[in-house]
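Written below as structure tokens is the structure these notes are about.
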Amino acid sequence: MAFNKYKRRLRIKKGIRNKISGTSEKPRLSVFKSNKGIYAQIIDDTKGHTLLAVSSRELGETKNSIDISKSVGTKLAEKAKSGGIEHVVFDRNGYLYHGKVKALAEGAREGGLKF
């Protein structure tokens with residue numbers, strides 16, 4: 001079951017990545033979930049560089065919940081604003097857009113990112 005779920009996510013991820021790409025003007029916001037935390041990166045795909053990253057571990061949180069995901073999104077938006085990034089392309093990385101991924105996106109929007 002777990003292997004099929006993983007393969008399904010990778011297939012969806014591949015389809016998403018064929019359609020979107022981050023540029024210098026509009027970088028890609030990529031989300032990764034694990035059992036212990038949630039991670040978000042802003043990536044410039046033309047240069048192949050990660051511009052900035054935030055994780056729940058960086059915030060000092062040991063649990064993985066929707067509230068923590070939202071705070072990761074707001075922290076990411078604050079860092080992006082200070083770095084001069086306002087517009088991003090959202091990459092859900094094959095995950096369904098609900099729960100923690102949705103909370104992170106809403107937190108980033110509340111922080112001032114536009115996507």
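Considering Lys13, Lys26, which residue is in contact (Cβ under 8 Å) with a residue 12 or more places away in the chain, among the basic types (Lys, Arg), open to solvent by 40 Å² or more (accessible area, probe 1.4 Å) and under 17 Å from Leu113 (Cα atoms)? From the options Lys13, Lys26, the qualifying one is Lys26.
Can you pull out the residues in region 74-97 that are over 13 Å from the mean Cα position of the chain (by Cα) and not in a strand (DSSP E or B)?
Narrowing region 74-97 to residues over 13 Å from the mean Cα position of the chain (by Cα): 78-79, 81-87.
Those that are over 13 Å from the mean Cα position of the chain (by Cα) and not in a strand (DSSP E or B): Glu78, Lys79, Lys81, Ser82, Gly83, Gly84, Ile85, Glu86.
Of all residue pairs spaced 6 or more apart or on separate chains, those with beta-carbon atoms under 9 Å, a first member in region 74-100 that is closer than 29 Å to Arg11 by Cα and a second member that is polar (S, T, N, Q) and crowded, with 18+ Cβ neighbours inside 10 Å are Leu76/Gln41; Phe90/Ser30; Asp91/Ser30; Arg92/Ser30; Asn93/Ser30; Gly99/Ser69; Lys100/Ser69. Within the set Ser55, Ser71, Ser65, the sole residue that is under 12 Å from the mean Cα position of the chain (by Cα) and either under 16 Å from Gly107 (Cα atoms) or without any contact (Cβ under 8 Å) to a residue 12 or more places away in the chain (or both) turns out to be Ser55.
The values are calculated or read from the model by the stated rules, or taken from the named source; none is laboratory data. All values reported here derive from a predicted model rather than from experimental measurement. Neighbour counts run over all protein chains shown; Cβ positions are idealised from the backbone, glycine included. Side chains are part of the model used for accessible areas, which takes the heavy atoms of the whole protein and leaves out ligands, DNA and RNA. Shrake-Rupley method; radii C 1.70, N 1.55, O 1.52, S 1.80 Å.
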